[in-house]
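The values are calculated or read from the model by the stated rules, or taken from the named source; none is laboratory data. Every value quoted in this text rests on a predicted model; they were computed, and no experiment measured them. Backbone-built Cβ (ideal geometry, glycine too); neighbour counts: all protein chains shown. Calculation scope for accessible area: heavy atoms of the full protein, side chains included, ligands and nucleic acids excluded. Shrake-Rupley method; radii C 1.70, N 1.55, O 1.52, S 1.80 Å.
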Amino acid sequence: MSRSAYITPPHSEQALLERAREIAGQRFAELAEQLGEPVPANQRHAKGWVGQLLERALGASAASLPEPDFQQLGVELKSLPLNANGLPRESTYVCTVPMNETHQLRWERSWLRQKLQRVLWIPIEADPRLPLAQRCIGNALLWSPSPGQEAMLRDDWEELMELVCLGRWEELSARHGRYLQIRPKAAHSRVLTEAHDSEGNLCQILPRGFYLRTDFTRQILEQHYAG
């Protein structure tokens, strides 16, 4: 496959799953070679490389647009790094936290809910003892939250967004939320964004993101492979 090859977006969920099955078991070095992509020596300065490689291989079309990765299907792509024991190694970033105009925001219309309505999870090896090029891609699973899972996420989202709406940024920490958490998301401390504080005044703070805790993604894996 040449460097300039364009992979068309899949026309159905089944076609997407078939593509995901074709790359399952491959090492990143193999897939990168097929796509004409160099493998970075490490992910310290290339944190988004794995996701971008998978997006290109599967024909994701959204790029940086605020839409699901597979626009026509309404499916989001999420890689799931696993440790040597096959368990999620880290929390999973979902989307940014809205900093302003939050007073009319409802769960049903939230970007977080839209992102998690249909997700293609791709487990990947992430044991730091393995060079990035030698890590393998696992078997993908297509997932939607059960009513119970959505209720838990909604409870967390409402608790967290109450603090956001009130501008109580100093109280927000990774300890809040059972399965969902809010954490700073910025390359460094100089990246700031505007928000309102608890007095309603504009202030500069670090951008925040919503993350799924490993307890939640572990449940998804267990339910899928147990079934």
Task: Ordering of 49-57, 25-33 by burial proxy (mean other Cβ atoms within 10 Å per residue, highest first) - done: 49-57, 25-33
- [ ] At 7 Å along the Cα-to-beta-carbon direction for both Thr8 and Glu194, put a label point, then send me their distance in nm to one decimal.
- [x] 4.4
TODO: Mind running the shape call on the chain? Use the C-alpha gyration tensor, a ≥ b ≥ c as the square roots of the eigenvalues: rounded below 1.5 for a/c, prolate if a/b tops b/c, oblate otherwise.
DONE: prolate
Task: Rounded percent of accessible protein surface that carbon and sulfur make up, the range 118-227, 1.4 Å probe - done: 48
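Can you figure out the FRET efficiency of Arg183 with Trp107, using R₀ = 30 Å and their beta-carbon distance, to the nearest 0.05? Please list the in-between numbers first.
Numbers: r = 20 Å, r/R0 = 0.67.
With R0 = 30 Å, the Cβ-Cβ based efficiency is 0.90.
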- [ ] Could you state the accessible area per residue of the range 69-227 in Å², with a 1.4 Å probe and every protein chain left in place?
- [x] 52
Task: Helix 214-226 axis, angle to the chain major axis (alpha carbon atoms, nearest 10°) - done: 40
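Under the Kirkwood approximation for Rh and a Cα-based Rg, what ratio Rg/Rh is obtained for the range 82-159? Could you put the intermediate results ahead of the total?
Details: Rg = 16.0 Å, Rh = 15.0 Å.
Reported Rg/Rh, Kirkwood definition of Rh: 1.07.
So what is the 222 nm mean residue ellipticity for the chain from helices alone, if each DSSP H run of at least 4 adds -39500 (n - 2.57) and you divide by all residues, rounding to the nearest 500 deg cm²/dmol?
It comes out at -9000 deg cm²/dmol, rounded to the nearest 500.
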- [ ] Could you estimate the translational diffusion coefficient of the range 125-219 from the Stokes-Einstein equation, with Rh from the Kirkwood formula over C-alpha pairs, at 20 °C and 1.002 mPa s, in whole µm²/s?
- [x] 135
Open item on the list: Rounding to the nearest 10 and keeping the result within 0 to 90°, find how far the Cα-based axis of helix 147-165 lies from the longest principal axis of the chain.
Closed with: 50
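Multiply the residue separation of Ala24 and Ser146 by 0.36 nm, subtract the distance between their alpha-carbon atoms, and state the gained length in nm to one decimal. Could the numbers behind the result be given before it?
Values: separation 122, 0.36 × 122 = 43.92 nm, distance 2.57 nm.
Between Ala24 and Ser146, full extension yields an extra 41.3 nm.
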TODO: Calculate the spin-label point distance for Gln219 paired with Thr96, positioning each point 7 Å from the Cα along the beta-carbon direction, and give it in nanometres.
DONE: 2.9
- [ ] Taking the chain as the reference, fit the longest principal axis to its C-alpha atoms, fit the long axis of helix 49-58 to the helix C-alpha atoms, and give the angle between the two in degrees, 0 to 90, nearest 10.
- [x] 60
